[in-house]
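The values are calculated or read from the model by the stated rules, or taken from the named source; none is laboratory data. Small disclaimer: the values here were computed from a predicted structure and weren't measured. Here Cβ is always computed from backbone atoms with ideal geometry, including for glycine, and neighbour counts include all displayed protein chains. The protein model used for the area step is the full one, side chains on, heavy atoms only, and it has no ligands, DNA or RNA in it. Shrake-Rupley method; radii C 1.70, N 1.55, O 1.52, S 1.80 Å.
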Number of protein chains: 2
Amino acid sequence: MINVLRQHITNRLGDDIQNLDQVLLAFKPIKAKRNEHLLRQGDTCKYVYFIAKGCLQVYVYDNDFNESTRDIVTEDNWCSDLLSFGSGNPSSENIRAVEPCELFAVDRENFQKMTETIPQFDKVYKQILEASYANSVYRINTLVSLTALERIKWLMEYRPTLMTRLSSKLIASYLGIHKDVYSRLKAKL
Amino acid sequence: MINVLRQHITNRLGDDIQNLDQVLLAFKPIKAKRNEHLLRQGDTCKYVYFIAKGCLQVYVYDNDFNESTRDIVTEDNWCSDLLSFGSGNPSSENIRAVEPCELFAVDRENFQKMTETIPQFDKVYKQILEASYANSVYRINTLVSLTALERIKWLMEYRPTLMTRLSSKLIASYLGIHKDVYSRLKAKL
DNA sequence: CTAAAACGTAGACTTTTATCATCGTTCACG
DNA sequence: CGTGAACGATGATAAAAGTCTACGTTTTAG
């Protein structure tokens with residue numbers, strides 16, 4: 001399974017990477033059960049996770065204790081609260097496995113050491129950041145410029161597999177609408 | 001005015017930076033008039049801007065050709081469409097000066113050369129990315145978890161100067177609500 | 001300086017979204 | 001297995017947000 005991570009990195013940096021085995025050793029394999037939490041708000045985010053298999057939800061609670069999903073991350077991607085991870089400050093977010101997951105986790109100490117000593121790993125970090133940022137930018141633009149119905153259509157076009165793979169409740173919370181509304185609008189397509 | 005940029009960098013990296021003068025030379029001073037565009041959707045974003053003075057709006061158009069503001073960036077911060085800038089692909093965003101601005105612009109060629117050859121500048125780039133990303137994460141969480149009224153209160157608390165400094169129209173578009181709604185809700189506080 | 005344009009507020013009204021309750025269905029777990 | 005909890009759909013209703021018009025004020029540009 002670690003080969004999924006190896007492949008991910010070589011795909012991005014080419015296969016002439018020194019220290020790749022050393023990098024891979026810093027990652028701990030972790031299995032997360034469905035609904036298991038990897039991070040709770042108030043705790044410091046101690047790891048960056050690479051998802052080899054499964055799906056993670058990053059969410060916050062609104063004033064009425066409903067979940068609002070900032071991001072849904074699937075296999076072959078990275079997931080963390082990078083802000084808390086980088087600063088050591090308590091996180092305001094929660095991360096939960098919405099499917100049984102196979103993950104690789106790297107802690108802050110190893111992560112920082114590698115970004116400082118292994119230039120290739122530093123590039124990986126920048127790519128994680130850039131990809132996360134790109135994703136965020138698109139998401140903000142959809143949230144501020146589209147209606148609920150348009151956001152549903154957007155998801156169908158750009159991340160169609162999510163809609164069949166995940167519960168309606170989760171999709172609705174990702175789109176920033178209520179599950180009842182999602183159910184009705186979806187029926188009208 | 002270039003000293004604002006010099007100060008910004010030394011504040012973050014300490015003042016023992018080699019090549020700082022070389023770095024600063026790569027930045028072109030630019031004055032932008034109120035309402036002048038620095039980027040139009042469809043064009044490639046050629047520069048990263050440092051704002052020494054003034055305020056920039058990053059926005060997209062929705063289906064009805066209304067502006068939806070992804071971000072508002074003020075002095076002592078960086079602004080760009082990093083996705084288009086990094087990839088060279090056409091941007092889907094627009095950037096406009098909402099006040100007369102004094103900017104420092106660095107183009108892609110110089111930027112990439114510096115990230116590769118000057119480790120200190122690479123750190124600056126990572127900090128720009130991290131700050132932009134952190135900002136985006138907060139923004140997504142407010143957009144998915146707060147009502148219009150709550151978002152107004154949020155802005156009053158965390159970016160109060162924006163509310164007095166900018167037009168209601170712009171603030172409303174930043175909050176993802178219509179100007180009429182913003183006007184009414186504001187009156188009810 | 002002045003006319004035109006843009007802006008901010010307000011009222012009336014429509015549409016969209018949220019809330020609440022209900023009811024089969026599905027799913028998880030003992 | 002069976003049973004209790006979670007889920008998804010739907011109707012009725014309430015609340016929130018959007019739309020349109022109007023009007024006085026401010027800003028802009030010639």
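Observations on the model:
- Pair list, Cβ < 7 Å and 6+ apart or interchain, from segment B:1-15 residues that are closer than 11 Å to B:A52 by Cα to residues that are part of a helix (DSSP H, G or I): B:I2/B:L24; B:L5/B:L24; B:R6/B:L20; B:R6/B:L24
- Verdict on B:I118 being away from DNA strand C (no atom under 16 Å from the Cβ), at pLDDT below 95 and in contact with a strand residue (DSSP E or B) (Cβ under 6 Å, 6 or more places away or on another chain): no
- Candidates are the residues of segment B:174-189 that are closer than 17 Å to B:Y158 by Cα and within 14 Å of another protein chain (Cβ to nearest Cβ); the one that is nearest to DNA strand D (Cβ to nearest atom) is B:G176.
- Taking the criterion of being among the hydroxyl-bearing types (S, T, Y) and facing chain A (nearest Cβ under 9 Å), the residues of segment B:139-164 that qualify are B:S145, B:T147.
- Test result for B:Y125, part of a helix (DSSP H, G or I), within 20 Å of A:N135 (Cβ to Cβ) and not β-branched (V, I, T): yes
- Residues within segment B:39-79 that are within 11 Å of chain A (Cβ to nearest Cβ), polar (S, T, N, Q) and under 12 Å from the mean Cα position of the chain (by Cα), tallied: 1
- B:S173 being touching a residue at least 60 places away in the same chain (Cβ under 8 Å), over 30 Å from B:I9 (Cβ atoms) and either surrounded by 20 or more Cβ atoms within 10 Å (Cβ to Cβ) or away from DNA strand C (no atom under 16 Å from the Cβ) (or both): yes
- Residue match in segment B:22-42 (condition: among the hydrophobic types (A, V, I, L, M, F, W, C), touching a Leu at 6+ places or on another chain (Cβ under 9 Å) and in a loop (DSSP other than H, G, I, E, B)): yes
- Residue in segment A:146-161 that is under 20 Å from the mean Cα position of the chain (by Cα), within 21 Å of B:R139 (Cα to Cα) and in contact (Cβ under 8 Å) with a residue 60 or more places away in the chain present: no
- Qualifying residue in segment B:108-117 (condition: within 16 Å of DNA strand D (Cβ to nearest atom) and surrounded by fewer than 15 Cβ atoms within 10 Å (Cβ to Cβ)): no
- Subset of segment B:71-88 (residues that are among the hydrophobic types (A, V, I, L, M, F, W, C) and either out of contact with any helix residue (DSSP H, G or I) (no Cβ under 9 Å at 6 or more places or on another chain) or open to solvent by less than 30 Å² (accessible area, probe 1.4 Å) (or both)): B:I72, B:V73, B:C79, B:L82, B:F85
- Residue that is farthest from B:T74 (Cα to Cα), among those in segment B:133-144 that are more than 12 Å from DNA strand D (Cβ to nearest atom) and of a type outside the set (S, T, N, Q): B:V144
- Qualifying residue in segment B:54-70 (condition: over 28 Å from B:T142 (Cβ atoms), open to solvent by less than 60 Å² (accessible area, probe 1.4 Å) and touching a helix residue (DSSP H, G or I) at 6+ places or on another chain (Cβ under 7 Å)): no
- B:S92 vs. criteria within 12 Å of chain A (Cβ to nearest Cβ), assigned to a helix (DSSP H, G or I) and farther than 22 Å from B:R12 by Cβ: no
- Within segment A:145-162, the set of residues being open to solvent by less than 40 Å² (accessible area, probe 1.4 Å) and either in contact with a Gly (Cβ under 6 Å, 6 or more places away or on another chain) or within 13 Å of DNA strand D (Cβ to nearest atom) (or both) comprises A:S145, A:L146, A:A148, A:R151, A:I152, A:L162.
- B:F65 being modelled with pLDDT under 95 and within 13 Å of DNA strand D (Cβ to nearest atom): yes
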